[in-house]
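To start, the structure itself, in structure tokens.
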Amino acid sequence: MKATCILCGTVNELDDRDFKTKRLRNKPIRLYLCPECDHRIAIKTMERINSGKFRFNKSFTKPFSQLKREVEAKEKENAE
């Protein structure tokens, strides 16, 4: 299935068996973000949370420290 990112407009080919693809197919109102845009938004959200001026009311499904490690690992991959 092909999906278009709502922010940058890139078209990505998604695996038909992937959970995200099934959600998009069954509920077309859902929005798709490419991995690059999703990563960029995650970093900016963490910066806002760490600034102290932003209260994050939604509970995390992962501990914040684990999310931070994943983002840092992804940044390291992109730097290489």
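The values are calculated or read from the model by the stated rules, or taken from the named source; none is laboratory data. Because the structure is a prediction, the values reported are computed rather than measured. In this analysis, Cβ positions are derived from the backbone assuming ideal geometry, glycine residues included, and neighbour counts consider all displayed protein chains. Quick note on the areas: whole protein, heavy atoms, side chains included, nothing else; ligands and nucleic acids left out. Shrake-Rupley method; radii C 1.70, N 1.55, O 1.52, S 1.80 Å.
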**Study point:** Criterion violated by residue 23 - all others in (1) loosely packed, with under 13 Cβ neighbours inside 10 Å; (2) within 21 Å of residue 76 (Cα to Cα) satisfied
**Key:** (2)
**Study point:** Members of the stretch 26-52 that are open to solvent by 90 Å² or more (accessible area, probe 1.4 Å) and modelled with pLDDT of 80 or more
**Key:** 26, 27, 31, 36, 40, 44, 47, 48, 50
